[in-house]
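Worksheet: the structure to be examined is printed underneath.
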Amino acid sequence: MVMETKIIPVQAGVGAAYLVVAEDRFFLVDTGSPGKEKKILKAITSRGLKPESLSFIFLTHTHYDHAGSAAFLKEATGAKIIVQASEAGKLATGYSGTPDGTNPLFKGISYLGKRFKSPLNMYEPVNPDVVFEEKLDLKEYGINGYIIHTPGHTSGSSSLILRTKAIVGDTMFHWGKFIYPPFANDEATLIKSWEKLLNLQVDTYFPAHGKPLVKDKVVKVYEKMMKSRV
């Protein structure tokens, strides 16, 4: 009998990390903001799991609110960190920069963040252990799933696919009225990544900001967005 995979959000700053328990293994997607490591460790131990048994830490991208506690958690658990190749250097320097805005409000926020080099973009650097390009099969970790490159929000943004579920980082949002990300460095590429995700046999998307999204809702936003671009 196959045990149900549990995808557990852990609020770790402005966004969520995800603790995923799959059969007899468990792993972490993102690590939240700096200083949130104890909350994440508690989420692990409170479920009777041992931190040293953590299979791996996958970072959807290297912004401070996703990679901020990565260095501490790597040392505390011994787990390998997985990241897409184009963001390995950012993780190693502990600085990700401010992304571009996708609407007038967030373009203004982006401008200010870039001009004043907000310390929010900084965190303790750490070297990744596993770097991939387009796809990483997780079979070697005993997980029936894979990671794919879904750039646009950042150059290395990536998503983890578990059968009909996808953990997508900031490639999608569910933050108030925002489903289409308010920040993205390359919107044309982001739209292609949405198309890639919508073409998978996935019924639920788990963003770092907000509640899970059902596919039908994402499709409606995508179709509306495409009409507005014609």
Using only the Cα atoms of the range 175-214, construct the convex hull and provide its projected area averaged over every direction, in square nanometres to one decimal. 3.0
Using the reciprocal of the averaged 1/r over all distinct C-alpha pairs, how large is the Kirkwood radius of the range 1-107 in Å? 14.4
Viscosity 0.692 mPa s, temperature 37 °C, Stokes-Einstein D of the chain from Kirkwood C-alpha radius, µm²/s: 187
Extension gain, Lys177 back to Asn103 (0.36 nm per residue minus Cα-Cα distance, nm): 25.4 nm
Measuring from centroid to centroid over Cα atoms, what is the spacing of the range 6-66 and the range 182-230 in Å? 24
For Ala188 and Lys6 in the same chain, what is the full-extension length gain: residue separation times 0.36 nm, less their Cα-Cα distance, in nm? 62.2 nm
Measure off 7 Å from each Cα along the Cα-to-Cβ vector at Ser46 and Asp203, then give the distance between these two points in nanometres to one decimal. 2.9
Residue separation between Glu124 and Asp24 times 0.36 nm, minus their alpha-carbon distance, gives in nm 32.9 nm
Could you tell me the ratio Rg/Rh of the range 121-170? Both radii from Cα atoms, Rh via Kirkwood. 1.00
Count charges around Glu223 for me, please; just the other residues with Cβ under 15 Å from its Cβ, Lys/Arg as +1, Asp/Glu as -1. +4
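Each value in this text was obtained by applying a stated rule to the coordinates, not by laboratory testing. Keep in mind that this is a model prediction, so the values were computed, not measured. Note that each Cβ is placed from the backbone with ideal geometry, even for glycine, and that neighbours are counted across all protein chains shown.
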